[in-house]
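Any read-out appearing in this document is the output of simple, stated calculations on the displayed coordinates, not a laboratory observation. Predicted model only: the values in this text are computed from it and were never measured. Cβ placement follows ideal geometry from the backbone for every residue including glycine, while neighbour counts extend to all protein chains displayed.
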Amino acid sequence: MIESALYDEARSGGTLGYPLIDVKITVLDGVTHDTDSNEPAFRAAATDALRKAIHEAGMVLLEPIMRLEVVVPDDYFGDVIADLNARRAEITATHSRGKLRVIEAHVPLERMFGYASSVRSLSQGRASYTLEPFAYAPAPLDRVRELLGEF
C-alpha cells in the first residue's frame with residue numbers, strides 16, 4: 001500500500017502535476033499503531049513524505065527541447081534569426097543550400113506555439129521548417145517560479 005501510494009504520487013507529479021523521472025525511493029522504516037494504522041493513513045503519510053523529500057532534494061523542472069531546421073531565402077534570414085533568438089533558440093549551425101539558407105537550432109517546445117504563422121509572415125510564405133523532439137533540459141528559473149505561483 002505504501003509502495004502504490006508512492007508510485008501514484010510520483011506518476012501524478014505532486015506539486016506541479018508533471019511526472020517525476022530518475023527518482024529512487026527507499027522506505028527505511030515504518031511504525032504501526034493499534035488505533036491509527038489503516039490504509040488511508042499510510043497512503044497519506046507516504047505521499048506527504050515524498051512531497052517533503054522532493055522539496056528538500058531540490059527538484060528540477062525539465063522542458064522539452066526541439067530540434068528545428070528552417071529553410072529560408074537569404075533576404076529573410078536576419079528576420080528569422082531574430083525571431084528564433086526571441087524564442088530562446090540556440091542556433092547550432094547555418095549554411096547555404098543553393099539560393100536558400102538553412103538554420104539549425106534547438107528551441108524549447110513552449111516557445112514554438114504559433115511559429116508556423118510567424119515564419120510564414122516573416123518570409124512572405126517562402127520559408128519552411130521541420131521540428132522534432134531532441135532532449136529535455138532544465139526550465140528557466142523564472143518559468144518555474146511562474147508555475148509555482150511565486151510571481
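What to note about this one:
- Across the range 39-79, the residues whose backbone nitrogen lies under 15 Å from the label position 7 Å along the beta-carbon direction of Leu20 are 43-62.
- Under conditions of 20 °C and 1.002 mPa s, the chain yields 114 µm² s⁻¹ as its translational diffusion coefficient, taking Rh as the Kirkwood radius over Cα pairs in the Stokes-Einstein equation.
- In terms of other Cβ atoms within 10 Å, Ser117, Ser123, Ser128 run from fewest to most in the order Ser117, Ser128, Ser123.
- Diffusion constant of the range 2-57 at 37 °C, which comes from Stokes-Einstein with the Kirkwood Cα-pair radius and 0.692 mPa s, µm²/s: 275
- Mean-position separation - Cα centroids, the range 83-126 and the range 43-61, in angstrom: 39
- Ranking of Glu69, Glu39 by neighbouring Cβ atoms within 10 Å, starting from the fewest: Glu39, Glu69.
- Nearest 10 degrees, 0 to 90: helix 39-57 Cα axis against the chain principal axis: 50
- Computed over the chain, relative contact order equals 27 percent, with contacts defined as Cα pairs under 8 Å that lie 6+ residues apart.
- Max mean-square fluctuation residue, GNM over the chain, Cα-Cα springs under 10 Å, options Gly78, Gly125, Gly98: Gly98
- Ellipsoid equivalent to the range 75-151 - semi-axes via the Cα gyration tensor, in Å: 27, 14, 10
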